[in-house]
Amino acid sequence: RGTMLVVELADEKLTVHVGTLADGGYRSTLAPLLGSSVFAAAAASRSGKKGQESSDAFVLGLGAALGAAIAHYGSVVCEWTFDKHTDTVTKRTAPFWRSFVSSPPQRVCSCSQLVPQNVLEGAPVDDSASGLIFKSASGLSSGKTLGDLLLLLSGSKQVPIARNVLGGQAFLLADFLKFDFLKVSNTELSPAETKLCRMMYDTVDANRDGVLEEYELRQIELVMPDEFSVLGQQSPMIRCAGKTSTDAMNHHAQDLPMRWTMRTGTLTDHIMSLDSNGDGVVQYEEFERWVKLRKVYSLNSQKSTLAALLQKWIDGLTLSA
């Protein structure tokens, strides 16, 4: 699993925690417990021994210092916040004993800076470009792929975000930066579009449990009209080639070939962008939000209306059943 945990996802704000102990409750328990164990082991090694007070004090002091260092540095987590309302990307760090609120955020760049305009699939990245870099030896074709996520600033400065990030998490960040989800949320569907959207959702919900799971989304990908592709088709990222996933984090990253890509993954690979509340399934409101996204983006360049596309999709599912 990756080392990046989404802690807030809203229309205009995305906050993630990064660190080996970021997920679960381990940030406040595991590292301090390990540090205490080191001190306890040092104390136990000196118990019952007479006449070695100076040696005892040294070992206990060393154990306490080592334990405190493990508790502090082992629990440090970095918080990244991407705020489109203020157009800022900030980061701050804190160990288990200090809240993020008490740690002043450092501005890294602007959100808009990370969304290049008019880039072409497979085009080389020029010296002045900025954007998201995903580095993996196995490419960027799956949401399950593990790789390293970085920011490229003005073509030369590379800022690491996290190692061993799931491709789906990288897609989430790229989608968040690219699309105006506030505009999407404020978009209304017509009565006919709403009826077809509901019909589409009920058709896909094969087990009638009221939510869409990943395997159900996979089924609809097979008959999804090409015109419906938005996620994974319009979110520019930079793919960085290399033999190992750690290459992008070291000084050789500057020499690795980088190219733009917008054809990244399938609908299920972008499930984190669909699943806005992070519960692992897609509710009707989240499905409707995706349909609205398709209404806002690219329909002007297509002859088909949204209602016609939904009907085409429903017909495809009916024929494949």
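Looking only at the stretch 77-99, count how many residues are touching a residue at least 40 places away in the same chain (Cβ under 8 Å), not in a loop (DSSP other than H, G, I, E, B) and not hydrophobic (A, V, I, L, M, F, W, C).
Of the residues in the stretch 77-99, 3 are touching a residue at least 40 places away in the same chain (Cβ under 8 Å), not in a loop (DSSP other than H, G, I, E, B) and not hydrophobic (A, V, I, L, M, F, W, C).
How about the stretch 178-231: which of its residues are at pLDDT 80 or above, closer than 30 Å to D87 by Cα and not in a helix (DSSP H, G or I)?
Of everything in the stretch 178-231, those that are at pLDDT 80 or above, closer than 30 Å to D87 by Cα and not in a helix (DSSP H, G or I) turn out to be F179, D180, N186, T187, E188, L189.
Cβ-Cβ distance below 6 Å, separation of 6 or more or different chains: which pairs start in the stretch 9-30 with a residue that is over 16 Å from V165 (Cβ atoms) and end on one that is among the polar types (S, T, N, Q) and modelled with pLDDT under 85?
The qualifying pairs are R27/S75.
The values are calculated or read from the model by the stated rules, or taken from the named source; none is laboratory data. All values reported here derive from a predicted model rather than from experimental measurement. Quick reminder, even Gly has a Cβ in these numbers, built from the backbone with ideal geometry, and neighbours come from all protein chains shown.
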